[in-house]
1. Give the residue that is surrounded by the most Cβ atoms within 10 Å (Cβ to Cβ), with candidates limited to residues of region 454-467 that are closer than 18 Å to A294 by Cβ and of a type in the set (A, V, I, L, M, F, W, C).
2. Do we find a residue being among the aliphatic types (A, V, I, L, M), at pLDDT 95 or above and outside any helix (DSSP H, G or I) anywhere in region 117-127?
3. Quick one: count up the residues across region 251-286 that are closer than 20 Å to K168 by Cα and within 16 Å of the ligand (Cβ to nearest atom).
4. Of (1) part of a loop (DSSP other than H, G, I, E, B); (2) farther than 24 Å from S381 by Cβ; (3) under 22 Å from the mean Cα position of the chain (by Cα), G260 satisfies all except one. Which?
5. Taking the stated definitions as given, is S39 among the polar types (S, T, N, Q) and either touching a His at 6+ places or on another chain (Cβ under 7 Å) or over 30 Å from F370 (Cα atoms) (or both)?
6. Looking at this structure, is V347 assigned to a helix (DSSP H, G or I), modelled with pLDDT of 95 or more and touching a strand residue (DSSP E or B) at 6+ places or on another chain (Cβ under 9 Å)?
7. Show the residue pairs meeting these rules: Cβ distance below 9 Å; 6+ apart or different chains; first residue within region 151-179 and at positive phi; second residue of a type in the set (F, W, Y) and at pLDDT 95 or above.
8. Applying the selection to region 423-447, what residues are buried (at least 17 other Cβ atoms within 10 Å of the Cβ), in a loop (DSSP other than H, G, I, E, B) and of a type in the set (A, V, I, L, M)?
Amino acid sequence: MIDTPEQPIKRVAELWIGGRRRPSASGATFPVRDPADGSLIAEVADATPDDGRFAIDAAAAAQSEWSATAPRDRAEILHRAWELISERRHEIAATITAEMGKPLSESLGEVAYGGEFLRWFAEEAVRINGRFSRSPSGNGNILVTKQPVGPTLAITPWNFPLAMGTRKIAPALAAGCTVIVKPAEETPLTMLLLAEIISSAGLPDGVLSVLPTTSPAAVTSPIIADPRLAKITFTGSTTTGKILLHAAADRVLRTSMELGGNAPFIVFDDADLDAAVDGAMAAKMRNGGEACTAANRIYVDNAVRAEFLAELTSRMQGLVLGRGTSESTQLGPLISERQRDVVAGLVGDAVTKGARVHTGGRTVEGAGYFFEPTVLSEIPSDARLLTEEIFGPVAAVIGFDREEEVIAAANATEYGLAAYIFTDGLDRALRVSGALEAGMVGVNRGIISDVAAPFGGVKESGLGRESGSEGIEEYLETKYIALR
Ligand code: NAD
C-alpha cells in the first residue's frame with residue numbers, strides 16, 4: 001500500500017551554496033521534466049563556473065572547523081539527518097518518482113536504502129582509529145593517525161537520485177570532509193531537497209553545497225583544478241569516469257570511481273529454478289533495469305534453459321507499465337528519450353542479427369519514455385548488448401553447457417562490477433565466485449547492495465569501495481608520525 005505523497009515539487013529550485021538557496025550567477029535556469037510524459041516539473045538554477053568558485057570557497061572556508069568538530073557531534077548531525085529523511089520519506093520518494101520515473105514503492109525503497117548511509121556512517125564517525133606500535137629495531141615508535149582528506153567534489157548519476165548522493169556525502173561528512181555535489185541534470189531536485197534536510201539537521205553552513213548545471217564539464221573543471229580541492233568521488237559511466245581520472249591526474253587527486261557494469265547472471269542446472277527466476281527478475285528489473293548492478297547477460301545451463309525462459313517470459317509479460325505515481329505500476333518509464341533510443345537500438349541490433357524475441361521488443365507509442373519488458377534468446381555472439389550496458393528492461397538469455405565455458409564468457413568484458421550465480425552446490429558457488437572478475441558476487445540472490453558491505457568494481461568498473469567499513473576510508477588520509 002503506497003501512502004498518498006504530499007506534493008513536494010517547487011516550480012523554481014535554486015542552487016544550494018554556503019547553507020542557503022541562491023540563484024545561479026547568470027540567472028539562468030533549466031527545465032526538469034517528468035519522464036512519464038515529458039511535462040515540466042520545475043525550473044532549476046543552472047550553475048556557472050562562478051557558482052562553482054563560490055562553492056569551493058565555501059567548502060574550503062568550512063573545512064578546518066568541520067574537521068575539528070568532535071566525531072560525536074558529526075555523528076549526531078548525521079543521525080538526525082537520517083531521522084528527518086525517514087520522517088519525510090514520502091516527500092522525498094515523490095520527488096524521486098517525479099523526476100526519475102520509478103514506481104513510488106521503489107522510490108520509498110531508495111529512501112530507506114539511501115537514508116541508511118547516514119545512519120551507518122553516523123556510527124562509523126566515532127570509530128575512526130589509528131594505531132601505535134614499536135619499531136622492530138626497537139629504535140623508535142610508530143604512530144599512525146587518520147585525518148579527513150579535505151574538500152571533496154561528488155558527481156552523481158540520475159538512476160538513484162538520493163542513494164548515489166548519500167553513499168558519498170555520509171562517509172565524507174563522517175570523516176570530516178566538506179562536500180560539493182554536482183547532481184545529474186535529469187534529477188537535481190532530490191539532491192537539493194536532501195541538502196536542505198541535512199542542513200536542518202544542524203550541518204554548519206558551507207560544509208555541503210549542491211550545484212545543478214547543464215554544463216558539468218565547465219563547472220567542475222575549475223573546481224578540480226583548484227588547489228584547495230582534495231578528492232573527486234564519481235558515480236556514472238566509464239566514459240565520464242575516464243575523463244575525470246585524466247583531470248584528477250594533473251592534480252594527483254584522490255579518486256573514487258563507481259562506473260559502468262555488464263553483470264553476468266549465471267544459472268546452473270542444480271539451481272532452484274523458482275529462486276533463480278525471482279533472482280533474475282530482481283537483478284534485471286530493479287529500477288527498471290537502470291542500475292549499474294543490473295543483470296546484463298543471463299547465462300542459463302542448456303539443460304534448464306527452456307523452462308527458465310518460459311517462466312521468465314511469463315513474469316516479464318505480467319509487469320504493469322505506467323506512471324510511477326500509480327499504485328499498480330511495476331515498471332516506469334526510462335529516464336529520457338535518448339536512453340530509450342539506446343535500449344531500442346541495442347534490441348534492434350540483436351534482433352537484426354538473429355536474436356529471438358519471446359516478449360516485448362518495442363518502444364511504447366505515446367507520451368513518456370516507455371519500453372516494453374523484453375526477453376531475448378539465441379543472441380548472436382556479435383550482438384552489441386553482450387558487450388554494452390543495456391540500462392533498460394531487456395533480459396538477454398544465453399545458453400551454456402560447461403562451467404569453464406560460462407566463466408570465460410562472463411569474464412569476457414572490460415567491466416567487473418557485479419555478478420550473480422545460482423547453484424545448490426557450495427563448492428561450485430565458492431569456486432565460481434572466486435573465478436569471476438567482479439567486485440561483488442551474489443550467490444542465490446538477485447539484490448546485493450547492503451549499507452554494511454563494500455560496494456564497488458574491478459577492471460573498468462571502478463576504483464575504491466563505497467559503504468561498509470571500507471567506505472569511510474575513501475575520505476581519510478593516513479598520517480605516520482615517527483616517535484622516539
Ligand atoms: P554519465 O557519466 O553520463 O553522468 C554521470 C554524472 O556525470 C552526471 O552528473 C553528469 O552530469 C556528469 N558528467 C558528465 N560528463 C561530465 C564531465 N565531462 N565532467 C564532469 N561531470 C560530467 O552517466 P549517466 O548516464 O548519468 O549514468 C549512468 C551510468 O552510471 C551507467 O554507466 C551506470 O552503470 C553508472 N552507474 C554506476 C554505479 C556504480 O556504483 N558503479 C551506480 C549507478 C550508476
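The values are calculated or read from the model by the stated rules, or taken from the named source; none is laboratory data. Please read all numbers here as calculations on a predicted model, not as lab measurements. In this analysis, Cβ positions are derived from the backbone assuming ideal geometry, glycine residues included, and neighbour counts consider all displayed protein chains.
1. In this case the residue turns out to be F455.
2. Yes, region 117-127 has at least one match.
3. 8
4. (2)
5. In short, no.
6. yes
7. G176/W66; G176/Y475
8. The answer is L436, A438.
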